[in-house]
Protein chains: 2
Amino acid sequence: MAIEIQLGLKPLSEDTCKSLLYTAGEVFAEYGFRAATVREICRRANVNVASINYHFGGKEELYAQVLEHAFRTAAEKYPFDTAGIGPPEKRLEEFITNFMRGCLGCGQAAWHGKLMAREMIDPTGVLTRIVERAIRPRKKILTGIVTEILGEGFSDEEIERCVFSIIGQCVFYSHAKPVIIVINPSIKYDDSWITRTAGHITDFSLAAIRLMARRKRR
Amino acid sequence: MAIEIQLGLKPLSEDTCKSLLYTAGEVFAEYGFRAATVREICRRANVNVASINYHFGGKEELYAQVLEHAFRTAAEKYPFDTAGIGPPEKRLEEFITNFMRGCLGCGQAAWHGKLMAREMIDPTGVLTRIVERAIRPRKKILTGIVTEILGEGFSDEEIERCVFSIIGQCVFYSHAKPVIIVINPSIKYDDSWITRTAGHITDFSLAAIRLMARRKRR
DNA sequence: AAGAGTATCAAACGCATGTTTGAATGTCAA
DNA sequence: TTGACATTCAAACATGCGTTTGATACTCTT
């Protein structure tokens with residue numbers, strides 16, 4: 001690539017780090033930590049294979065920094081803490097839509113969700129950190145929304161089951177994507193489809209939760 | 001191991017094949033196709049590393065035969081085709097319970113579900129075969145049950161979304177198990193828990209489907 | 001008893017991986 | 001200009017993988 005352009009200053013690219021961080025996010029999200037190779041990352045980033053070890057100390061540390069970076073950007077882009085604003089039903093739909101966009105969307109914004117989905121299935125050493133940093137806070141928010149709709153008189157276990165039912169519906173489309181593509185090739189994972197599917201999951205879950213609430217009130 | 005015992009007949013073990021098939025099922029279910037190593041399989045089976053290539057021709061062919069074997073045993077053990085017997089609500093609960101037992105149970109009976117879950121997430125060349133052989137037939141049965149409860153007037157897309165919502169809730173506990181263990185360590189994946197969780201998913205889904213049906217009828 | 005066929009084994013092979021090395025190149029203060 | 005420092009690079013390294021090999025032991029037929 002642009003090797004001869006430097007025209008003077010600097011050793012051509014002080015931003016090898018940034019390039020690696022970006023490309024690594026892309027490759028890790030695509031293949032997962034184990035299946036991704038440093039050679040592939042370096043090839044796409046147009047840097048030498050030794051760069052990863054020079055700048056980051058190894059594949060594992062690069063992965064950790066990629067996740068750290070993904071946390072920050074995702075937190076800005078898809079705020080889940082719209083707490084208390086509007087009725088809980090509205091917030092539920094927002095939560096589900098944002099969540100699915102994070103898992104299934106395209107581009108850098110979706111790396112976060114894809115990396116989390118990978119970690120869920122095939123955890124590395126950083127799983128605990130991810131849970132505390134990203135998953136548990138979101139579960140707390142969703143639990144709050146569900147609790148608000150359910151009303152009084154439900155055990156933590158019952159509430160948690162509802163939360164898992166909602167999240168399960170969402171991540172299914174991400175986790176089982178290869179199978180879904182085979183089962184029903186006509187599904188296009190574009191933004192319009194995500195919105196409609198998020199709408200279905202919201203309706204489906206709201207119906208269930210409201211019925212539980214109604215039964216308890218009697 | 002028992003090398004000197006042979007006492008006369010046979011080359012000690014003509015059943016190296018069976019042992020390999022069994023152990024491979026265990027290891028593949030535990031680690032997935034890629035992460036499982038032939039050396040680990042052979043170590044657990046107490047056979048030489050060359051045995052896999054001698055008897056099966058390679059790791060991939062062994063995997064294919066393990067799946068083939070798992071299909072047959074699972075089909076006997078957990079029959080999903082209880083079609084038409086009893087009310088659809090009852091059949092839904094049976095379906096979900098059997099499905100979750102297959103994904104989360106212990107022992108050889110659960111290999112099938114675990115192998116399928118692995119294949120969903122990280123497909124190998126046999127994914128298509130698995131879909132046609134195991135997944136699509138079951139989806140058809142579940143679709144039948146859901147259609148029966150929903151009644152007339154729903155598009156294939158609406159019905160499929162409900163089916164995915166149900167399956168998503170089930171496989172979540174299998175796919176996201178490592179995360180769930182961190183999030184809530186108190187959950188014990190025993191048979192009693194599976195039954196109760198299957199009950200929740202049934203209630204949750206039934207509530208949603210019935211509400212959809214009721215709305216459409218008006 | 002002899003030879004053909006089958007099964008097992010330790011060892012090695014070829015390959016891909018993450019990592020390290022040592023030289024080469026450029027920057028910048030002294 | 002010089003020397004210390006940072007960065008890049010091609011090449012080599014160490015390890016683990018699936019697979020192959022050639023010898024060995026055994027059974028069974030003749």
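Values quoted throughout were computed directly from the atomic coordinates according to the rules given, and no laboratory measurement underlies them. These numbers come from a predicted model, not from an experiment. All Cβ positions, even for glycine, are placed from backbone atoms using ideal geometry, and neighbour counts span all protein chains on display.
Results, tabulated for the structure shown:
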| quantity | calculated |
| --- | --- |
| Taking all pairs of distinct alpha-carbon atoms in chain A, Kirkwood radius in angstrom | 19.4 Å |
| Two-site FRET efficiency, B:Ser155 against B:Val49, from Cβ-Cβ distance with R₀ of 60 Å, rounded to 0.05 | 0.65 |
| Degrees, to the nearest 10: A:88-104 long Cα axis against longest axis of chain A | 30 degrees |
| Region A:15-66: translational diffusion in µm²/s, Stokes-Einstein, Kirkwood Rh over Cα pairs, 25 °C, 0.890 mPa s | 237 µm²/s |
| Cβ-placed point charges (K, R +1; D, E -1), dipole of region A:15-66 about Cα centre in debye, nearest 20 | 120 debye |
| Global geometry of the protein assembly as shown, whether rounded, prolate or oblate, following the gyration tensor of its Cα atoms and the 1.5 cut on a/c | oblate |
| Cut-off under 5 Å, modelled amide H: who pairs with A:Val47 long-range | none |
| Whole-Hz couplings from phi, Karplus 6.51/-1.76/1.60, listed for region B:60-69; x for Gly and Pro | 5, 5, 4, 4, 4, 6, 4, 5, 4, 5 |
| A:Val182-A:Arg217 FRET efficiency (beta carbon distance; Förster radius 45 Å; 0.05 resolution) | 0.55 |
| Chain B, helix-only ellipticity at 222 nm - DSSP H runs n ≥ 4, -39,500 (n - 2.57), divided by all residues, nearest 500 | -22000 deg cm²/dmol |
| GNM result for chain B, Cα springs below 10 Å: residue of B:Leu92, B:Leu127, B:Leu62 fluctuating most strongly | B:Leu127 |
| Other protein chain Cβ atoms within 10 Å, averaged over every residue that makes up A:116-125 | 4 |
| Exercise: per-residue mean of other protein chain Cβ atoms within 10 Å, A:156-166 | 5 |
| Listed pairs A:Lys177/B:Lys188; B:Lys90/B:Lys188; A:Lys139/A:Lys188; A:Lys177/B:Lys216; A:Lys216/B:Lys90; A:Lys114/A:Lys177 exceeding 20 Å between Cα atoms | A:Lys177/B:Lys188; B:Lys90/B:Lys188; A:Lys139/A:Lys188; A:Lys177/B:Lys216; A:Lys216/B:Lys90 |
| Relative contact order (%) - chain B, alpha-carbon pairs under 8 angstrom, separation at least six | 20 percent |
| Inter-copy separations for B:Arg39, label at 7 Å along Cα-Cβ, nm, ascending | 2.0 |
| HN-Hα J in Hz across region A:138-153 - Karplus 6.51, -1.76, 1.60, θ = phi - 60°, x for Gly and Pro | 6, 4, 4, 5, 5, 4, x, 4, 4, 4, 5, 6, 5, x, 6, x |
| Net +/- balance of residues flanking A:Ala50 in space, Cβ distance below 13 Å, scoring K and R +1, D and E -1 | +2 |
| Fluctuation leader among B:Gly58, B:Gly102, B:Gly32 - chain B, Gaussian network, Cα springs under 10 angstrom | B:Gly58 |
| Unit charges on C-beta of K, R, D, E only; dipole of the protein assembly as shown, Debye | 860 debye |
| Exercise: per-residue mean of other protein chain Cβ atoms within 10 Å, B:52-61 | 0 |
| GNM top mover of A:Phe172, A:Phe95, A:Phe33 - chain A, alpha-carbon springs below 10 Å | A:Phe172 |
| Other-copy label distances relative to B:Gly57, 7 angstrom Cα-Cβ extension, nm | 4.9 |
